[in-house]
Amino acid sequence: MAPNDPLPQTVTPGGKDEDAALAVRASKGDPAAFGTLYDRHVSAVYRYVYYRVRDDAEAEDLTSDVFMKALRAIPRYEPRQAFLAWLYRIARNAVIDHVRRGGRQVSFEDALLHPEVHNAVDPDLEVLAASDKDTLRTALGQLTPLQQEVIVLRYLEGYSTDEIAKLIGKREGTVRGIQFRALGALRQLIPSREALG
């Protein structure tokens, strides 16, 4: 899987509740249930990891590692939390472990080089879309890693603030504050087209 390949759409007819039911079945040894969860979420986990390592082979290896860890840990999964949030926590830890072992980690600013960046999902992203990529990368590089992560999850991946809160283990109000401060900083760091023109 390469980041420029068209990504398969996740199959989510039942969404979070169906994921929880599949995870419970998987925890009882049903390999087909875990396979369905894998098919639904492998693209999202791969993109998340790829944004951090920016290397196809490393991202594929880490994504495989995430799902192997998830398979071993599935008996401890608590259905009251979103399965994808649980996977993202495993993915974040896998990236941290990768960096500790001497692997390369790239800031989230490079995520804006992703070919689907123009598919932004929120009007607040106009400040991002109105600037050129070099200016944007420079500006994003001045944000904290957590601000970068929230911006990528919100505007490139399209998650709601509630979903991001669950993914990164923060309260929804905290995520809104991080997002607000990040967008405010970007507005200050990126000159408007009118100011340039």
**OP:** Keeping to segment 157-171, report how many residues are touching a Lys or Arg at 6+ places or on another chain (Cβ under 8 Å) and not polar (S, T, N, Q).
**Re:** 6
Subject >> Residues of segment 72-85 satisfying the condition of being open to solvent by 30 Å² or more (accessible area, probe 1.4 Å) and within 14 Å of VAL24 (Cβ to Cβ) >> reply: PRO75, ARG76, GLU78, PRO79, ARG80, GLN81
**OP:** For segment 177-187, state whether one or more residues are buried (at least 20 other Cβ atoms within 10 Å of the Cβ), polar (S, T, N, Q), modelled with pLDDT of 85 or more and part of a helix (DSSP H, G or I).
**Re:** yes
**OP:** Collect the residues in segment 65-78 that are acidic (Asp, Glu) and part of a helix (DSSP H, G or I), keeping them in residue-number order.
**Re:** ASP65
Original post:
Taking segment 7-64 as the region of interest, how many residues are exposed (fewer than 14 other Cβ atoms within 10 Å of the Cβ), at pLDDT below 80 and not in a helix (DSSP H, G or I)?
Top reply: 7
Subject >> segment 155-166, residues that are open to solvent by 10 Å² or more (accessible area, probe 1.4 Å), closer than 19 Å to TYR46 by Cβ and in contact with a helix residue (DSSP H, G or I) (Cβ under 8 Å, 6 or more places away or on another chain) >> reply: LEU156, GLU157, TYR159, GLU163
**OP:** Scan segment 164-176 for residues that are assigned to a helix (DSSP H, G or I) and modelled with pLDDT under 85 and report the count.
**Re:** 3
Original post:
Are any of the residues in segment 93-101 under 17 Å from the mean Cα position of the chain (by Cα) and closer than 23 Å to VAL24 by Cβ?
Top reply: yes
**OP:** Could you check, for segment 95-102, whether at least one of its residues is of a type in the set (Lys, Arg), at pLDDT 85 or above, assigned to a loop (DSSP other than H, G, I, E, B) and under 26 Å from PHE67 (Cα atoms)?
**Re:** no
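The values are calculated or read from the model by the stated rules, or taken from the named source; none is laboratory data. Predicted model only: the values in this text are computed from it and were never measured. Neighbour counts run over all protein chains shown; Cβ positions are idealised from the backbone, glycine included. Remember, those area values only see protein heavy atoms, side chains included, never the ligands or the DNA or RNA. Shrake-Rupley method; radii C 1.70, N 1.55, O 1.52, S 1.80 Å.
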